[in-house]
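**Student:** The structure's right below; bear with me while I get my questions together.
The values are calculated or read from the model by the stated rules, or taken from the named source; none is laboratory data. Note that the coordinates shown come from a computational prediction; the quantities given were computed from them, not determined experimentally. No Cβ is skipped: glycine too gets one built from the backbone with ideal geometry, and neighbour counts run over all protein chains shown.
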């Protein structure tokens, strides 16, 4: 899987009337390029979804700050959720079109490439 294909791209502005949500088939192809992310369908709206467990509540907030910096740089903003004290969840979709666009996969790829492993809980063996 090549992360560089998407992570080297830049999100484009979503202010055009021509922008439409991608098909489920197109989303199923691109999901293969963003390891760890899942496609979910909520009320006929396709979204990208991923969860992590962080060490502490404050580490979850630090995690969000790192994600916020890349989201601001891309001009594309995910839905961030801190569930409980250590469950971080991110949903990405293009609100203005009511579904997924390539921007969502670009952002997911860039988030996957961030260095936040020091904030995560160690996986149990």
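**Student:** Of (1) surrounded by 13 or more Cβ atoms within 10 Å (Cβ to Cβ); (2) at negative phi, residue 40 satisfies all except one. Which?
**Tutor:** (1)
**Student:** Could you say which residue among 30, 39, 61 is closer than 20 Å to residue 5 by Cβ and touching a strand residue (DSSP E or B) at 6+ places or on another chain (Cβ under 8 Å)?
**Tutor:** 39
**Student:** Criterion first (on the phi < 0 side of the Ramachandran plot, surrounded by 14 or more Cβ atoms within 10 Å (Cβ to Cβ), free of Cβ contacts under 8 Å to residues at least 40 places away in the same chain and out of contact with any helix residue (DSSP H, G or I) (no Cβ under 8 Å at 6 or more places or on another chain)) does residue 57 satisfy it?
**Tutor:** So residue 57 fails the test.
**Student:** Looking only at the stretch 116-125, filter to residues that are assigned to a loop (DSSP other than H, G, I, E, B) and touching a residue at least 40 places away in the same chain (Cβ under 8 Å); which one of those is nearest to residue 35 (Cα to Cα)? Give the steps one after another, and end with the answer.
**Tutor:** Restricting attention to the stretch 116-125, the residues satisfying the condition of being assigned to a loop (DSSP other than H, G, I, E, B) are 116, 121-125.
Subset that is touching a residue at least 40 places away in the same chain (Cβ under 8 Å): 116, 121.
Working: 116: 16, 121: 19 Å.
By that ranking, first place goes to 116.
**Student:** Out of the residues in the stretch 70-98 that are modelled with pLDDT of 95 or more and under 18 Å from residue 30 (Cβ atoms), which is surrounded by the fewest Cβ atoms within 10 Å (Cβ to Cβ)?
**Tutor:** The extreme case among them is 91.
**Student:** Which of the residues that make up the stretch 66-113 are within 24 Å of residue 56 (Cα to Cα), in a loop (DSSP other than H, G, I, E, B) and either free of Cβ contacts under 8 Å to residues at least 60 places away in the same chain or more than 13 Å from the chain's Cα centre (by Cα) (or both)?
**Tutor:** Selection gives 77, 78, 84, 85, 86.
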